[in-house]
Every structure is written in structure tokens, then in C-alpha cells.
Amino acid sequence: MKVRILSQKDDSLKALVEDTEPAYINALRRVLIADVPKMAIEDVEFHLGPIRAEDGKEYESVAPLFDEMIAHRLGLIPIPTDLGLYNRREDCPTCHGEGCPNCTIIYSVNKRGPGLVTSADMEPIGDTKLRPKDQGIPIVQLADGQAILIYATAQLGTAKEHAKWQPTHGVGYAYYPTLKAGSKAVDTLDPSVPFCTAHMLTTSLEEETVELPEDCGVCAKFREAYNVDSVKVSSDPKRFVLQFETDGSLSAKDVLLKALDILTERFGDLAAQSDTL
């Protein structure tokens, strides 16, 4: 399997995967969705009772939403994750699951109404770089006289356990499309090629001839560039275009590299087990 990145941003990636088969590219897709770990809020502790401000004003520790709903919203906020720094809590050699800086991040939320509580109000106890990347995620609206004081603990997990630990979204792949303008092969990944995804794609591995519609602007540019009225389209069974987005907790490149590591380890374990049979 060979992977070549075609385009990438911090939260999205498009890659060409070569010398592989549908079973392997689908295994990579499933690992990207369900097995790459990330940090997410797991435990939330709410302060009960009145909260007194510095000016002596007393606030009620209540909110318009149930505590369970607020905790659920906190769990879905993307938490910055360094996979080289944190251990899974149950596997942590330092604290043996008790919770420590090597396996958990603790956030505090201390806000008085009236006002909107957002992810910007999540203050990490320790490194300020651990603040949520997206500072505008709404959590709850507080009225005058209301306040909220929360301590939330984040830990590593995977989407197999809960969707809040899923770092990727929109994970998909397709056969690499091949085109022929007459007898000339055309590289569909070449940005200078006017490739029309509406009329020049097929899921068939057999070559098909497609007439280029005159009312399509992209197809018209293709007709003019290659002096043809039709193209021969097919799919390469050994090459796939893979693309996905992340929620911002991890960069797209880090997610892909971790998924490939997980897949390599699993296939290695499977090969080792088969050798013992």
C-alpha cells in the first residue's frame, strides 16, 4: 500500500492510496472512524449550592438545562490531543487508572449570568495550550442570578466506546477515475484538467464511453481542450482516492498516520498468529 497526499489542511485531507484492494482501503476507513483515540470529557462534577462573588453578590448554582445535558455537550467539545503525550487511563503506568497528568486533563468552568457559557470558558488546569481550539461552541445560556461551577475530566478513548471519541467525519473513498480523450490517457488529478465530477465518473471497472453534454461548462472546457465530444471512463481497481475531515482535536495528517500505524500493527499480529498455526 502506498499513500500520497493530494491536498491537506489542518482539519481535512485528501490522499491517493495505491497498490491496494477494496478490503484494505475499507479497513483503513473503519480504523479512521472507530479506532484512532482522542481526548474527550468523560467525568463532570457540578458544584451544588449558592456561589458568592467577590462583590458579595450571591448566585444560584443552577442552569436552564439538566446537568446530564450540559455534561453531554461538554463531552462533544473537541479537546486538543497529543497522542505521544497521553496514555489510556486504564493502561497508565504512572497512576494505574487513578488519574494523573499523563492520562487526564482537568478543565474548570466558572461563569456567572447573565451570559452564554461557551467552550472559551473551559479553562485547563495546567497548560493553556489545552484550551479547546474552537472557542465559540455554545454550552448553556445563563440568566441573571444563575451561575455554573464545573470540573470536567478528559481522557483518551475511541469511537467504539462513544461517538464523542470519534476524531474523523465524512470518511469516504472511491476508485481512482481514469479518462481517455480519444486514445490519449488523461490524469484526472492534474489540476489543469477540466475534470467534471458530474459527468465523468463511473463505479464500473469496465471502460464506458460517455457523451459530453453541451450545457455543462466544465465538459465544454474539456471538449475544447482535447477536441473530443466524448470520453472513455473507467475505474482503476488498485488505486483509491480517500478523503476525510477531523473535528479539530487532531490534525488530519496525525490521524492518518495513527490509523496506518494501528492497521500495520493489526496485520502484523494477524501474520504472527497465522505463523503459529
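Quick notes on this one:
- Boolean, Ser61 is surrounded by 14 or more Cβ atoms within 10 Å (Cβ to Cβ), polar (S, T, N, Q), modelled with pLDDT under 95 and touching a strand residue (DSSP E or B) at 6+ places or on another chain (Cβ under 8 Å): yes
- Yes/no for Asp144 being charged (D, E, K, R), surrounded by fewer than 17 Cβ atoms within 10 Å (Cβ to Cβ) and either under 30 Å from the mean Cα position of the chain (by Cα) or closer than 19 Å to Val233 by Cβ (or both): no
- The range 93-108: number of residues that are within 21 Å of Ser249 (Cα to Cα) and not aliphatic (A, V, I, L, M): 8
- Of all residues in the range 163-217, exactly one satisfies the criterion of being under 30 Å from Ile41 (Cβ atoms), aliphatic (A, V, I, L, M) and assigned to a strand (DSSP E or B), namely Val171.
- Residue, surrounded by the most Cβ atoms within 10 Å (Cβ to Cβ), within the range 13-36, restricted to residues that are in contact with a Leu (Cβ under 9 Å, 6 or more places away or on another chain) and assigned to a helix (DSSP H, G or I): Leu32
- Selection of the range 56-78 for residues being free of Cβ contacts under 8 Å to residues at least 12 places away in the same chain, closer than 15 Å to Lys111 by Cα and in a loop (DSSP other than H, G, I, E, B) yields only Lys57.
- Considering (1) within 28 Å of the chain's Cα centre (by Cα); (2) surrounded by 19 or more Cβ atoms within 10 Å (Cβ to Cβ); (3) within 16 Å of Ala152 (Cα to Cα); (4) not small (Gly, Ala, Ser), the lone condition that Tyr86 does not fulfil carries the number (3).
- Leading residue by the ranking (surrounded by the fewest Cβ atoms within 10 Å (Cβ to Cβ)) among those in the range 218-245 that are part of a strand (DSSP E or B) and among the aliphatic types (A, V, I, L, M): Val241
The values are calculated or read from the model by the stated rules, or taken from the named source; none is laboratory data. A quick note: this is a predicted structure, and the numbers were derived from the prediction, not measured. Cβ coordinates were reconstructed from backbone atoms using ideal geometry, including for glycine residues, and neighbour counts include every protein chain displayed.
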